[in-house]
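Participant: Got a structure for you, written out below as C-alpha cells; questions coming shortly.
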Amino acid sequence: MALTKEQMAKRIARELKDGYYVNLGIGIPTLVANYIPQGINVVLQSENGILGMGPFPYEGEEDADLINAGKQTVTLLGGSSIFDSATSFAMIRSQKVQLTVLGAMEVADNGDIANWKIPGKMVKGMGGAMDLVASAENIIVCMLHTNKAGESKLLKQCSLPLTGVRCVKKIVSDLGVFDVTPEGFKLLERAPGVTVEEIKAKTEGRLVVEGEIPEMVV
Amino acid sequence: MNKVVANAEAALEGLHDGMTLMVGGFGLCGIPENSIAALVRSGAKGLTCISNNAGVDDFGLGLLLQTKQIRKMISSYVGENEEFERQMLSGELEVELIPQGTLAERCRAGGAGIPAFFTPAGYGTEVAIGKETREFEGKHYVMEQWLRSDFSIVKAWKGDPFGNLVYKHTARNFNPMMAMAGKITVAEVEELVPAGALDPDEIHTPGIFVTRIFQGTNYEKRIEQRTVRKRG
C-alpha cells in the first residue's frame with residue numbers, strides 16, 4: 001500500500017535532528033510538525049518572518065497579524081522571534097536554516113526540481129521555493145511517485161520549468177524513500193507492501209537498488 | 001518634524017498614471033488597506049505594482065486588478081487570485097515573477113543604495129535568463145538589480161510624527177524594505193502616537209525613510225486561511 005499523506009509526514013519527521021532549524025513548505029510538509037519525535041527539539045522557520053512557529057491557535061484566538069507562509073493563522077512559541085522578509089531569506093541563503101522540506105511536481109535523477117509552473121496552465125509563482133532550494137544544505141522532497149495518469153514524477157530530466165538545479169538530496173514518495181546520488185535515485189526503503197518491481201516500473205529516472213530493501217516501519 | 005497628513009488621499013498627493021508603486025504585505029497580512037482604497041478612488045492607471053502577492057479577488061491589490069489600474073505586477077506568488085490569473089493568461093496584465101528572497105533583497109538594495117547583488121536563487125532556471133551569472137567559491141550566482149519606487153506604501157502598527165514605525169507580528173514582512181526604497185514613502189498606521197512615545201530601541205523603521213504618515217481607519221484585517229485547533 002502506498003503511504004498516506006500522514007504516513008509520509010511521519011516518515012519525514014524521522015529525518016529531523018535535535019537542534020535543527022527547519023522550513024516546512026505548504027501542503028504535506030506542513031504536517032511534519034505534527035509528528036516531531038519525542039526528545040527532538042527543532043525550531044520551525046516560516047519564510048514570511050517567524051522563527052519558533054507554534055501550532056494553530058485555539059478557536060477565537062486567531063490573529064490576522066500572525067500567519068505562516070501558507071497564510072494560515074498560527075501561534076508563537078516561547079523564545080520565538082519575528083523579522084522582515086529580507087532577514088528571513090538572509091538566514092535561508094546563509095544556510096542557517098538546516099533543513100527544507102517541500103513538495104514537487106517533478107524531480108530528476110540529478111537532483112533538479114520543478115514545482116512552480118505549468119506553462120500556459122498554472123502560473124502561481126515560485127514564492128520562496130527558488131531561494132530555499134538554491135541554498136539549503138538538506139532538501140527533502142515530499143511527493144507522490146506518479147501523476148494522476150500513473151506516469152512517473154521521478155524522471156531522467158524534468159519537463160517543466162525548473163525551480164532549482166542539482167539540489168534535491170532526499171525524496172520521500174508515497175512508494176519509498178530515496179537518496180539522490182550521482183548514480184541516480186538510490187532506493188533506501190519501500191512503503192509497506194510495495195515491491196521493488198513496482199517502484200522500478202514507476203520510476204522513469206535511473207534507479208539504484210542494492211541488496212535487500214527494507215520495508216518502512218510506519 | 002511633523003509628517004502627519006489627514007488621510008490616504010493627502011498621503012498619495014502627486015500620484016499619477018504610469019507610476020511604479022511598492023505595496024507592503026504578505027498575502028492580506030500587513031497590507032495598507034486605506035491606501036489601496038484611495039488608489040482605487042484615485043483612478044490612477046497604468047501602474048506598476050511591486051508586491052509579494054496580488055491580494056485576493058475582492059480585497060487587497062485584487063481591488064486594483066478589478067478596476068484594471070495595474071499594467072504590470074512584480075511579485076513572487078499570485079496563487080490566490082483568479083482575476084489575476086485570467087488577466088495574465090490573456091495578456092492584459094504584464095507579470096514578472098521573481099523569487100521571494102530576491103524580491104525582498106532587491107527592495108532592500110534599492111533602499112540601501114546598492115544597485116545590484118548576486119544570489120544563488122534561480123540559477124539554472126528561467127529566472128536567470130538574460131542576467132549575468134558568476135561563480136564564487138565554486139557556487140553559481142545570478143546578478144539581480146535593485147528595485148525602487150515612485151511611491152512605497154506601507155502599513156505599520158504604530159507610528160509617530162517623525163515617521164518612526166513599529167510593525168506587529170508577521171505584518172512586518174516586506175514593509176520595512178519597501179519603506180526604504182520609495183522616492184516618496186507613505187506609511188499608514190493603526191495607531192499614531194505622539195513624538196517620543198515609541199521606545200527608540202524598538203523602532204523597526206527609522207522615520208528618515210518615511211515621507212508622510214497617517215492613522216488609518218476601519219481596518220478589516222481579513223484572514224485568508226483561518227486555521228484553528230480544538231481545546232483540550
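Participant: Calculate for the protein assembly as shown the 222 nm mean residue ellipticity that helices alone would give, adding -39,500 (n - 2.57) per DSSP H run of length 4 or more and normalising by residue count, nearest 500 deg cm²/dmol.
Facilitator: So the calculated ellipticity at 222 nm is -4500 deg cm²/dmol.
Participant: Okay, moving on. Along the positive direction of the dipole of the protein assembly as shown (beta-carbon charges: Lys, Arg +1; Asp, Glu -1; about the Cα centre), which of B:P120, A:I50, A:T203 reaches farthest?
Facilitator: Result: A:T203.
Participant: In addition: Please report Rg over Rh for the protein assembly as shown, where both radii come from the alpha carbon positions and Rh follows the Kirkwood definition.
Facilitator: My calculation of the ratio gives 0.99.
Participant: Less than 9 Å Cβ to Cβ from A:K186, Lys/Arg counted +1 and Asp/Glu -1: what total charge do the surrounding residues give?
Facilitator: Combined, the nearby Lys, Arg, Asp and Glu give -3.
Participant: Sticking with this structure for a sec: With charges only on Cβ, +1 for K and R and -1 for D and E, what is the dipole size of the stretch A:1-47 about its Cα centre, in debye, rounded to 20?
Facilitator: 160 debye
Participant: If you don't mind, there's one more thing I want to ask. Which one of B:P206, B:T227, B:T170 is farthest out on the positive end of the charge dipole of the stretch B:164-232, using unit charges on Cβ (Lys, Arg +1; Asp, Glu -1) and the Cα centre as origin?
Facilitator: Positive-end residue among those listed: B:T227.
Participant: Then there's this: So how do A:93-100, A:115-122 stack up, highest first, on mean other-Cβ count within 10 Å?
Facilitator: A:93-100, A:115-122
Participant: Here is a further query. Which whole number gives the average, over all residues in A:39-48, of C-beta atoms from other chains lying within 10 Å of the residue C-beta?
Facilitator: Per residue, the number of nearby Cβ atoms from other chains is 2 on average.
Participant: If I take all pairs of Cα atoms in the stretch B:70-136, what percentage of them are more than 16 Å from each other?
Facilitator: So the pairs more than 16 Å apart make up 57 percent of the total in the stretch B:70-136.
Participant: Still on this structure: For the stretch A:54-133, what log10 I(q)/I(0) values come out of the Debye formula at q = 0.14, 0.19, 0.24 1/Å, with one point per alpha carbon and no solvent?
Facilitator: Taking Cα atoms of the stretch A:54-133 as identical point scatterers yields -0.67, -1.04, -1.25.
Participant: With only Lys, Arg, Asp and Glu charged, each at its Cβ (+1 for the first two, -1 for the last two), find how big the charge dipole of the stretch A:24-97 is about the Cα centre; round to the nearest 20 debye. Let's see the in-between values first.
Facilitator: On the way: 3 positive and 7 negative charges, 90 e Å.
Approximately 440 debye in magnitude.
Participant: Over the Cα atoms of the stretch A:93-170, what radius of gyration and what Dmax do you get, in Å?
Facilitator: According to the Cα coordinates of the stretch A:93-170, Rg and Dmax are 12.2, 39 Å.
Participant: Could you work out the relative contact order of the stretch A:99-174, using alpha carbon pairs under 8 angstrom and six or more residues apart, expressed as a whole percent?
Facilitator: Relative contact order, the stretch A:99-174: 46 percent.
Participant: Can you bin every Cα-Cα distance in the stretch B:188-232 into 5 Å intervals starting at zero and give me the percent of pairs per bin, rounded to whole numbers?
Facilitator: 5, 13, 18, 19, 13, 11, 10, 8, 3, 1
Participant: Please report the antiparallel percentage of the DSSP beta bridges confined to the stretch B:1-78, to the nearest 5.
Facilitator: Looking only at bridges with both residues in the stretch B:1-78, the antiparallel portion is about 20 percent.
Participant: May I ask you to derive the relative contact order of the stretch B:1-93, considering only C-alpha pairs under 8 Å and at least 6 residues apart, and to give it as an integer percent?
Facilitator: After rounding, I find 24 percent.
Participant: Next question, about the same structure. Determine the sum of side-chain charges near B:E191: Lys and Arg each +1, Asp and Glu each -1, restricted to other residues whose C-beta is under 15 angstrom from that of B:E191.
Facilitator: Around B:E191, the surrounding residues sum to -3.
Participant: Could you work out how far the C-alpha centroid of the stretch B:181-216 sits from that of the stretch A:129-200, in angstrom?
Facilitator: Computed from Cα coordinates, the inter-centre distance equals 47 Å.
Participant: Is there a quick way to get the dipole size of chain B? I mean about its Cα centre, with the Cβ of Lys and Arg at +1 and of Asp and Glu at -1; what is the value in debye to the nearest 20? Provide the component values of the computation, followed by the final result.
Facilitator: Working: 25 positive and 29 negative charges, 63 e Å.
Using only the charged Cβ atoms, the result is roughly 300 debye.
Participant: Quote the Stokes-Einstein diffusion coefficient, in whole µm² s⁻¹, for chain A, based on the Kirkwood radius over alpha carbon pairs, a temperature of 37 °C and a viscosity of 0.692 mPa s.
Facilitator: 184 µm²/s
Participant: Have a look at B:L47, B:A11, B:G30 and report the one farthest towards the positive end of the charge dipole of the stretch B:1-59, computed about the Cα centre with Cβ charges (Lys/Arg +1, Asp/Glu -1).
Facilitator: After comparing all options, I get B:A11.
Participant: Taking the highest mean first, how do the peptides B:185-195, A:16-26 order by number of other beta carbon atoms within 10 angstrom per residue?
Facilitator: In descending order of packing, they fall as B:185-195, A:16-26.
Participant: Within the set of other residues whose C-beta is less than 11 Å from the C-beta of B:G159, count the net charge using Lys and Arg as +1 and Asp and Glu as -1. Please list the in-between numbers first.
Facilitator: On the way: positive: B:K3, B:K155, B:K158, B:R212; negative: B:D160, B:E188, B:E190, B:E191.
Neighbour charge sum, excluding B:G159 itself: 0.
Participant: Next up: How well do other chains shield peptide A:89-95, expressed as the mean number of their Cβ atoms within 10 Å of each residue Cβ?
Facilitator: Going residue by residue through A:89-95 and averaging, the value is 3.
Participant: Going highest first, how would you order B:47-54, A:82-89, A:185-192, B:124-131 by mean Cβ packing within 10 Å? Intermediate values should be presented prior to the final figure.
Facilitator: Details: B:47-54: 25.8, A:82-89: 24.1, A:185-192: 19.4, B:124-131: 16.0.
For the peptides B:47-54, A:82-89, A:185-192, B:124-131, the packing ranking is B:47-54, A:82-89, A:185-192, B:124-131.
Participant: Assuming 0.36 nm per residue, please report the length gained on full extension of the stretch B:E82 to B:H16 beyond their Cα-Cα distance.
Facilitator: Roughly 21.1 nm would be gained on extension.
Participant: Something else about it: What three numbers, in Å, describe the spread of the alpha carbons of the stretch A:138-218 along their principal axes, ordered from the longest?
Facilitator: 34, 29, 22
Participant: Among B:H16, A:H145, what is the fewest-to-most ranking by other Cβ atoms within 10 Å?
Facilitator: Going from sparsest to densest Cβ surroundings: B:H16, A:H145.
Participant: Enter the per residue convex hull volume of chain B, computed from alpha-carbon coordinates, in Å³ rounded to the nearest integer.
Facilitator: Each residue corresponds to 170 Å³ of Cα convex hull volume.
Participant: Please give, to one decimal in nm, the separation of the simple spin-label points placed at B:R134 and A:K17, each 7 Å out from Cα toward the Cβ.
Facilitator: Distance between the two pseudo-spin positions: 3.3 nm.
Participant: State log₁₀ I(q)/I(0) for the stretch B:72-193 at q = 0.13, 0.17, 0.20 Å⁻¹ as given by the Debye formula over alpha-carbon point scatterers of equal weight, solvent excluded.
Facilitator: -0.65, -0.98, -1.15
Participant: Identify the residues of the stretch A:176-198 with backbone N under 19 Å of a label point that sits 7 angstrom from the Cα of A:K5 along the Cα-to-Cβ direction, or state none.
Facilitator: A:176
Participant: How crowded by other chains is A:163-173, given as the mean number of beta carbons from other chains within 10 Å of each beta carbon?
Facilitator: The shielding value for this peptide is 2.
FYI, it's all coordinate maths here, none of it is from the lab. Because the structure is a prediction, the values reported are computed rather than measured. Backbone-built Cβ (ideal geometry, glycine too); neighbour counts: all protein chains shown.
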